[in-house]
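Bear in mind that the values in this text are calculations on the coordinates, not laboratory data. Keep in mind it's a predicted model, so treat the numbers as computed, not measured. Quick reminder, even Gly has a Cβ in these numbers, built from the backbone with ideal geometry, and neighbours come from all protein chains shown.
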Amino acid sequence: MKKLLALAIVAAVAATSIAAEQDATEQTVAKPEIQQSTIWPAVFAFCEWPASPDLVGLRLTIPYSTRQETVTGIDVGLWGRCKDFEGIQLSALRNDVKDTLGGIQVGIYNSANRADLFVIQAGLVNETQSFRGVQAGIINITGDGDGFQVGLINRAETFHGFQIGVINVIRDAEVPVLPLANIGF
């Protein structure tokens, strides 16, 4: 392991010296700018570093992170926010996915626009526009859902599955509000 770490350090030093040499030669010779079409995703992110739009690996959102748009892997911290997410999001305060979520969200407040891949949300408040999976919390809210909701208050516009809680609302059901349990077909 120590040899591998030493090899990685030597490679990093060599890469930075080569990059510095290339920068010096590029300043003397003007070249046309070439736009790079593919960017390798980052493997590790901390707070707002790096500015890479994609991350495959571990992201530490301490205190928060909004730079990475697409995250695949594990997101741990206080406040995690991204556009697309697949993996496990563990945040003390909030997990926020603006578009597509697939995986597990655990935090005080979990939100996602589309959680159409199988999702588990566990927190005090769980909110999605559409989801397929399990929501477990004090308040669970979804627009269109397939799966299972467990909480004090469960609310859905359309729902195919089971709700267990004190107040269960499926707005397009024959009986829209039921205590203890509700089933959507």
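Numerical summary
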quantity	calculated
Rg/Rg_globular for the stretch 40-184, with Rg_globular taken as 2.2 N^0.38 Å and Rg from C-alpha atoms	1.07
Table column - 3J(HN,Hα) (Hz), the stretch 146-152, Karplus curve with 6.51, -1.76, 1.60, x for Gly and Pro	10, x, 9, 10, 10, x, 5
Extension reserve of the GLU69-ARG171 stretch, reckoned as 0.36 nm per residue once the Cα distance is removed	33.4 nm
Net charge of Cβ neighbours under 11 Å - reference LEU117; Lys, Arg +1; Asp, Glu -1	-1
